[in-house]
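Q: Have a look at this one.
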């Protein structure tokens with residue numbers, strides 16, 4: 001079986017919709033539940049409310065939980081609102097606690113409180129514990145549904161324990177070992193467990209070189225670690241090494257996607273990539289704040305140029321090269337920025353040191369500046385037949401590129417030092433700074449050598 | 001144990017270097033091999049060549065293979081060149097075949113051929129088979145070191161088989177089941193295996209709803225699938241459903257990182273994010289091609305403006321707003337581009353349909369255009385006290401934003417339709433197109449209403 005392509009999903013959708021409309025419960029259940037929950041969720045989202053209400057009647061809270069875990073967190077609110085509250089709270093109880101918390105973080109506090117009240121004590125407590133942790137930390141993405149083993153257990157005993165616990169645990173491929181005080185002391189993979197002798201103790205079979213993360217650690221750093229170390233799971237501990245939960249690789253893949261979209265969006269100056277169900281108004285609302293800020297920043301550039309109205313009146317041709325010089329400064333600054341932001345995100349820059357990086361960027365700016373400066377000097381000379389104009393534009397571009405490259409890498413490094421996410425220093429801001437600097441250089445030099453130009 | 005921070009790695013590095021310099025083999029081995037291969041690789045890369053040569057003497061090919069799997073593919077070439085060729089080919093033989101192939105794709109064809117000649121027949125064949133597949137397809141990222149089970153085996157027998165094969169297999173957590181013709185017929189997780197009765201056959205215990213990918217499938221789509229479906233492994237098949245290899249989640253995390261960096265770099269117009277060991281010349285060489293193309297595109301803008309020299313001579317103040325209008329068109333185009341590129345990358349756009357997306361973007365452009373146009377109209381009127389200039393700039397920005405938004409989303413959609421990676425339509429190209437369009441609109445309107453302005 002290939003996974004469902006557009007056509008197959010459409011066919012499945014048609015069949016399922018028909019069964020629902022005709023009230024054929026068994027047929028609906030057979031068709032719907034044979035699909036992967038990811039595809040179930042895609043079809044579920046396309047149905048109208050009356051049919052969704054039928055589904056709530058025909059599937060169990062556990063089956064619905066699987067579907068809800070595959071709906072985008074930001075789209076899920078209306079579905080929980082339209083469900084019968086008792087059914088909704090049962091669905092939450094059946095979900096992985098980390099996924100349930102991700103969704104609850106999107107809901108009204110009142111609604112969350114009422115769901116938690118109806119829910120069974122134990123399930124509610126698990127979710128409440130997780131709701132405390134700050135977003136984007138280890139605590140917020142970990143699950144508390146894991147199996148742990150005691151160091152003193154026998155391997156045989158441990159296997160039996162895993163067999164019983166397997167259905168409720170997020171993973172049993174890596175199991176963490178704790179001492180009497182619930183402190184993390186080791187890790188054993190299922191792979192090692194099945195090749196160990198049944199009568200060994202876990203302490204003998206496990207590895208005591210277990211890597212853990214603190215509950216407050218940033219999710220992006222955790223993603224880096226899991227990728228670098230090829231982990232399938234990672235235990236989360238408090239400051240006394242008590243095991244609090246585990247993070248599994250499937251959650252980390254979502255984190256990687258989220259962080260990549262985030263960096264990408266900021267480089268493009270959108271606060272958030274539009275969701276699939278956004279209409280034009282929602283999209284415009286997300287983009288307008290940036291555009292309005294940029295409009296004011298752009299007015300700064302305009303007002304700077306207006307200071308040189310006199311020069312423009314004398315040599316109107318100066319205006320021709322404004323977008324070229326500002327544009328090149330913007331482009332090169334964005335390049336330097338992107339290198340710095342990715343370098344910080346992947347941890348490369350921490351390894352090689354910031355001073356070395358700054359020095360390299362300055363030299364890179366020098367090289368690219370000289371090359372581009374010489375090229376444009378030639379172009380302008382040939383095109384306009386004016387040697388001094390060529391020199392002026394060439395030197396302006398050279399200086400602008402050097403300054404812009406340094407600015408592009410310096411700003412994110414400073415922000416990282418100040419513990420601000422460097423991606424916030426998004427492309428357009430760097431571009432505006434570089435616009436201003438490059439225009440200042442250009443008109444500054446034009447004023448100084450005005451007598452050569454007229 | 002936390003993973004190594006900068007300080008701890010520095011300490012380990014000092015100790016290891018000292019042991020190497022003093023020829024204390026046992027002490028070096030103890031200190032080096034206790035580290036995670038990821039950290040081994042980081043320290044290894046920092047050592048000078050004479051010390052690396054010592055390491056090649058003191059560790060086994062298998063231990064070196066672990067280190068090499070954690071060195072960046074693009075940095076690995078000098079190490080294999082400086083090794084004794086026999087040792088190097090032993091290291092390749094010990095690596096996961098998929099990782100070995102990734103590295104060989106970076107080496108000279110001559111070198112690869114000579115390594116393969118020295119290597120044992122069987123290992124060489126495995127690598128040769130994989131070298132055929134095109135880069136960035138399932139074939140190029142899959143491994144052939146997997147365990148498969150026959151449908152007729154008993155569970156007990158299968159467990160014994162896994163125990164023997166575990167050390168050489170990439171994963172045993174998901175095992176694929178084949179029929180007599182090596183065709184894929186099912187999948188069984190180790191989890192299901194340990195809770196099944198020993199005397200059942202695999203056919204009874206397995207799931208026959210196994211998702212597979214074709215060997216030519218694009219790696220980005222595979223990453224989407226594994227993330228959506230929460231898979232830890234995925235089988236790769238040919239067109240007749242023969243099992244060829246498996247793809248594991250750790251390779252997919254590298255793919256996700258690579259694709260995210262790729263999209264990000266293209267938005268910023270760098271061909272490749274600089275590697276950690278790049279010097280200024282290498283960085284400049286990577287950025288200059290883009291900058292030079294953009295320089296010529298920028299000259300187009302300049303030459304377009306020069307067509308309006310007459311208008312500029314009459315109303316020099318017109319020049320003031322050129323960067324603002326071009327900049328806003330560039331910004332809004334980049335926003336639309338980013339939304340489209342991310343939407344294609346995550347598969348969202350395929351779900352909602354391209355026509356709907358285009359319509360939404362056009363409406364979004366209209367809304368943002370009207371809002372920004374009105375704001376700038378006010379600013380210009382208050383600042384310059386010239387009503388017509390305000391209207392001119394306002395209407396220009398409004399039209400530019402609408403056109404730029406449509407262009408920003410239309411171009412990547414067209415490229416996707418033509419099977420070109422839409423990320424190639426990088427920010428600066430869209431920006432240049434939008435520069436040209438917006439300047440044309442601005443000066444076109446200025447020419448038409450010149451008598452109102454002077």
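Readers should treat all values here as calculations from the given coordinates under stated rules, not as data from a laboratory. Worth saying up front: this structure is predicted, and the values here are computed from it rather than measured. Note that we place each Cβ from the backbone using ideal geometry, even for glycine, and neighbour counts take in every protein chain shown.
Q: Looking at the range B:148-262, send over the antiparallel percent of its DSSP beta bridges, to the nearest 5.
A: Counting only bridges with both partners in the range B:148-262, antiparallel ones make up about 70 percent.
Q: Relative to the other copies, what are the label-point distances for residue B:383, with labels 7 Å from Cα along the C-beta vector, expressed in nm at one decimal and sorted shortest first?
A: Going from nearest to farthest copy, the values are 2.6 nm.
Q: Follow-up question, since we're still on this one. Sort the range B:280-453 into rounded, prolate or oblate with this rule: let a ≥ b ≥ c be the square roots of the eigenvalues of the Cα gyration tensor; rounded if a/c is under 1.5, and if a/c is not under 1.5, prolate when a/b is larger than b/c, oblate otherwise.
A: oblate
Q: If you build the convex hull over the alpha carbons only and average its shadow over all orientations, what do you get for the range B:134-243? Give it in nm² to one decimal.
A: For the Cα atoms of the range B:134-243, the hull's average projected area reads 6.8 nm².
Q: Can you tell me, using C-alpha contacts under 8 Å and at least 6 residues apart, the relative contact order of chain A as a whole percent?
A: 10
Q: Helix-only estimate, please: 222 nm mean residue ellipticity of the protein assembly as shown, summing -39500 (n - 2.57) across DSSP H runs of length 4 or more and dividing by its residues, to the nearest 500.
A: Rounded to the nearest 500, the figure is -21000 deg cm²/dmol.
Q: While we're looking at this one, here's another question. Measuring from a point 7 Å past the Cα of residue B:25 along Cα-to-C-beta, which residues in the range B:48-75 have an amide N at less than 19 Å?
A: B:50-65
Q: Would you mind estimating how fast the range B:6-141 diffuses translationally, via Stokes-Einstein at 20 °C and 1.002 mPa s with the Kirkwood radius over Cα pairs, in µm²/s?
A: The estimated diffusion coefficient comes to 138 µm²/s.
Q: Roughly what angle does helix A:155-165 make with the longest principal axis of chain A, taking Cα atoms, 0 to 90 degrees, to the nearest 10?
A: Long axis of A:155-165 versus the principal axis of chain A: about 80 degrees.
Q: Also: Which ordering of A:354, B:128, A:109 is given by a fewest-first count of other beta-carbon atoms within 10 Å?
A: In order of increasing Cβ crowding within 10 Å: A:109, B:128, A:354.
Q: Let me ask something additional. Rounded to the nearest 5, what is the percent of antiparallel bridges among the DSSP beta bridges in the protein assembly as shown?
A: Of all bridge pairs located within the protein assembly as shown, approximately 75 percent are antiparallel.
Q: Based on other C-beta atoms within 10 Å, arrange A:420, A:437 from fewest to most.
A: Listed from fewest to most nearby Cβ atoms, that is A:420, A:437.
Q: Just the C-alpha atoms of the range A:190-272: what Rg/Rh do they give, with Rh taken as the Kirkwood radius?
A: 1.13
Q: Residue A:84 versus residue A:448, label points 7 Å from Cα toward the beta carbon: distance in nm?
A: Spacing of the two 7 Å Cα→Cβ label points: 8.1 nm.
Q: Here is a further query. In degrees from 0 to 90, rounded to the nearest 10, what is the angle of the helix B:49-58 Cα long axis to the longest principal axis of chain B?
A: The angle comes out at about 30 degrees.
Q: Let me ask something else about it. Using a label point 7 angstrom from Cα along Cα-to-C-beta, what distances in nm, from shortest up, separate residue B:165 from the other copies?
A: For residue B:165, the inter-copy label distances come out at 2.8 nm.
Q: Take every DSSP beta bridge whose two residues both sit in chain B, then give the antiparallel share in percent to the nearest 5.
A: Bridges in chain B that DSSP calls antiparallel: roughly 75 percent.
Q: What is the helix-to-structure angle for A:121-131, meaning the angle in degrees between its Cα long axis and the longest Cα principal axis of chain A, kept from 0 to 90 and rounded to the nearest 10?
A: That works out to roughly 10 degrees.
Q: Normalised by the residues of the range B:280-453, what does the relative contact order come to in percent, with Cα pairs under 8 Å and at least six apart?
A: 34
Q: To make sure I understand, if each residue's beta carbon is the centre and we count other beta carbons within 10 Å, what order do A:227, B:29 fall in, fewest to most?
A: Ranked by crowding around the Cβ, least crowded first: B:29, A:227.
Q: In addition: Please report Rg (one decimal) and Dmax (integer) in Å for the Cα set of chain A.
A: Just the Cα atoms of chain A yield Rg and Dmax of 29.7, 96 Å.
Q: While we're looking at this one, here's another question. Hey, what did the range A:148-262 get for relative contact order, percent, Cα under 8 Å, at least 6 apart?
A: Value for the range A:148-262: 24 percent.
Q: Of all the C-alpha pairs in the protein assembly as shown, what % are more than 52 Å from each other?
A: More than 52 Å apart: 24 percent of the Cα pairs in the protein assembly as shown.
Q: Also, quick follow-up: Run through the other copies and list how far each one's label point is from that of residue A:417, in nm with one decimal, shortest first; the point sits 7 Å from Cα along Cα-Cβ.
A: Its label point is 5.0 nm from the equivalent points in the other copies.
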